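The values are calculated or read from the model by the stated rules, or taken from the named source; none is laboratory data. This structure is a prediction, so every number in the text was calculated from the model and none was measured. Every residue, glycine as well, gets a Cβ built from its backbone with ideal geometry; the counts of neighbours run over all protein chains shown.
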Amino acid sequence: MQKLGLLLREFRDRLSTDVPLPPDCDLFFCSEEAPTVCLGSMIHGNEFGSLPALVELQRQLREGRIQPQVNIFLLLGNGAAALQNQRFLEEDLNRVFTFDRTAASLERRRAEELRPILDQVDTFLDIHQTQTPTESAFYTFPWTNELGEWARALGAAPLGLTRASGASFSPGTCCLDEYVRARGKVGLTVEIGFRGFDELQEERAFRAMCRFIELSEALLVRGESLDSYVQAAASIGWYQTSYIETQFAAGSELRPGLTNWLEVKKGEVLSRPGSPVLKAPESGRILFPKYAQPGQPLPPELYRLATPIADPEQL
Ligand SMILES: [Zn+2]
C-alpha cells in the first residue's frame, strides 16, 4: 500500500490549481472550442492498477511532453476506498450515477462532485480491474456499432462482453459510462486485468489512455472517421452472457481457481468437492465467479457463462 500512497500524493501534488475542481480530479485545458476527453481510474477503490498510468500521463501532460488538441480531465474515482483496499466504502460508486435520491452515502456525494465533469465530456474511457483473476483484458458495454468500432480501434483488449443496447447491467443503477452514453456521448469501459498493481497492466492502461486521446482528436478535432483505425486493428472476440447461476442450494461454493474467461464444458462440475453439486448447463467461458468470504452471506449470483456472438450487430 506504500506504492499507492506515494502515487496518490504525487497525483495530488501535481493537480492544477488554475480552476476549481473536485478533489482528485485534474484538468488539462486546451481551449473553449476543443472537445473534452475524460479518463477514469480507481472508480472502484481496490482497482488501482491503472493509477501509475494516470500519474504518468498527468506528468507528461504537465511537462508538455504530450500536447493534446482536446481538453483532458483525469478523474480518480474513490481514493478513500483505495486507501483501505476496498472496492467501495458505503455504496458502489459505479452504480450510483442515478441522482434520484439524496446523496446520503460517501459514494453518492462523490458522484455529485463528479457529475459536472461528466456533463462536459465528449468521450470517456473508464479503466477498471476485475475482482477475481482473469485470463484476459476485456471490454464490457451494451452493443452499438459505434462503441464496437471505438473498442476495436482502441485495441485495449482482445475480448468483449456485450449485451443488447438498452439492456442495463443492473436495473435501477447507473455506471459512469452509462451516464455519459445517456447524454449521447461516447463512454467505454475496459477491464485491464486482475485488481492491484501489475506492470503489464500499467503499460496496457497507459497505451489505452494515450490512444483514446489520439482517437478523440482524430474524430472530434480533425473530423476523421473510425474506419481506417478499425481496419488497421485486430478484431475483438465478442461474447454475451448466456447463463447466470442464481438458483443454487444453500451452502453452494464454487471450486477454487475459477477465473474470468476460463473455458468450461457443458456438464463440467464447477462446485467445490463436498458442497452441493453445480454443473455448467452449457459450454462457455466463466465470468464474475463469486467466492463467499467466511461468515458472509452468499451473493445473489455465483457466476455467469458467456458464449461467443458471431455478429454483435444482430443483437
Ligand atoms: Zn471496477
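Within this structure, Thr123 fails the test of being touching a Ser or Thr at 6+ places or on another chain (Cβ under 9 Å) and within 13 Å of the ligand (Cβ to nearest atom).
Only residues that are surrounded by fewer than 17 Cβ atoms within 10 Å (Cβ to Cβ) and of a type in the set (Ser, Thr, Tyr) were counted in region 243-277, giving 4. Here is the figure for region 148-169: residues that are among the small types (Gly, Ala, Ser) and at pLDDT below 95 total 5. Which condition number does Leu83 fail, the rest of (1) within 18 Å of the chain's Cα centre (by Cα); (2) surrounded by fewer than 24 Cβ atoms within 10 Å (Cβ to Cβ); (3) under 26 Å from Glu203 (Cβ atoms) being met? Against the list (1) within 18 Å of the chain's Cα centre (by Cα); (2) surrounded by fewer than 24 Cβ atoms within 10 Å (Cβ to Cβ); (3) under 26 Å from Glu203 (Cβ atoms), Leu83 comes up short only on (1). Kindly evaluate Val186 against the criterion of being at pLDDT 95 or above, among the aliphatic types (A, V, I, L, M) and more than 16 Å from the ligand (Cβ to nearest atom). Judged against the criteria, Val186 is a match. The set of residues from region 35-54 being more than 15 Å from the ligand (Cβ to nearest atom) and touching a strand residue (DSSP E or B) at 6+ places or on another chain (Cβ under 9 Å) comprises Pro35, Thr36, Val37, Cys38, Ala53.
I'd like to check something: does region 110-117 contain any residue that is β-branched (Val, Ile, Thr) and crowded, with 24+ Cβ neighbours inside 10 Å? Outline the logic, then answer.
First, pick out the residues of region 110-117 that are β-branched (Val, Ile, Thr): 117.
In the following step, the residues that additionally are crowded, with 24+ Cβ neighbours inside 10 Å were identified as none.
No, every residue in region 110-117 fails to be β-branched (Val, Ile, Thr) and crowded, with 24+ Cβ neighbours inside 10 Å.
All of Gly155, Gly148, Gly172, Gly187 fail the test of being surrounded by fewer than 20 Cβ atoms within 10 Å (Cβ to Cβ), among the small types (Gly, Ala, Ser) and within 18 Å of Ser216 (Cα to Cα), apart from Gly155. Which one is farthest from Ala137 (Cα to Cα) among residues in region 274-315 that are touching a residue at least 12 places away in the same chain (Cβ under 8 Å) and among the charged types (D, E, K, R)? Filtering first and then ranking leaves Lys279. Residue count for region 92-105 under the criterion of being surrounded by fewer than 16 Cβ atoms within 10 Å (Cβ to Cβ) and either within 21 Å of the chain's Cα centre (by Cα) or touching a residue at least 12 places away in the same chain (Cβ under 8 Å) (or both): the result is 2.
Examine region 286-304 for a residue that is surrounded by 12 or more Cβ atoms within 10 Å (Cβ to Cβ) and over 25 Å from Arg195 (Cβ atoms), and state whether such a residue exists. Steps first, answer last, please.
Here is the first cut: in region 286-304, the ones surrounded by 12 or more Cβ atoms within 10 Å (Cβ to Cβ) are 286-292, 298-299, 301-304.
Narrowing the set further to residues that are over 25 Å from Arg195 (Cβ atoms) leaves none.
The answer is no; no qualifying residue exists.
Just one of the listed residues (Leu114, Leu76, Leu89) is within 16 Å of the ligand (Cβ to nearest atom), under 14 Å from the mean Cα position of the chain (by Cα) and aliphatic (A, V, I, L, M), and it is Leu76.
Can you confirm whether region 25-34 contains a residue that is buried (at least 19 other Cβ atoms within 10 Å of the Cβ), more than 16 Å from the ligand (Cβ to nearest atom) and among the acidic types (Asp, Glu)? Within region 25-34 (the criterion being buried (at least 19 other Cβ atoms within 10 Å of the Cβ), more than 16 Å from the ligand (Cβ to nearest atom) and among the acidic types (Asp, Glu)), the answer is yes, since at least one residue qualifies.
Just one of the numbered conditions (1) out of contact with any strand residue (DSSP E or B) (no Cβ under 9 Å at 6 or more places or on another chain); (2) under 22 Å from Gly45 (Cα atoms); (3) part of a loop (DSSP other than H, G, I, E, B); (4) away from the ligand (no atom under 16 Å from the Cβ) is not true of Gln67: (2).
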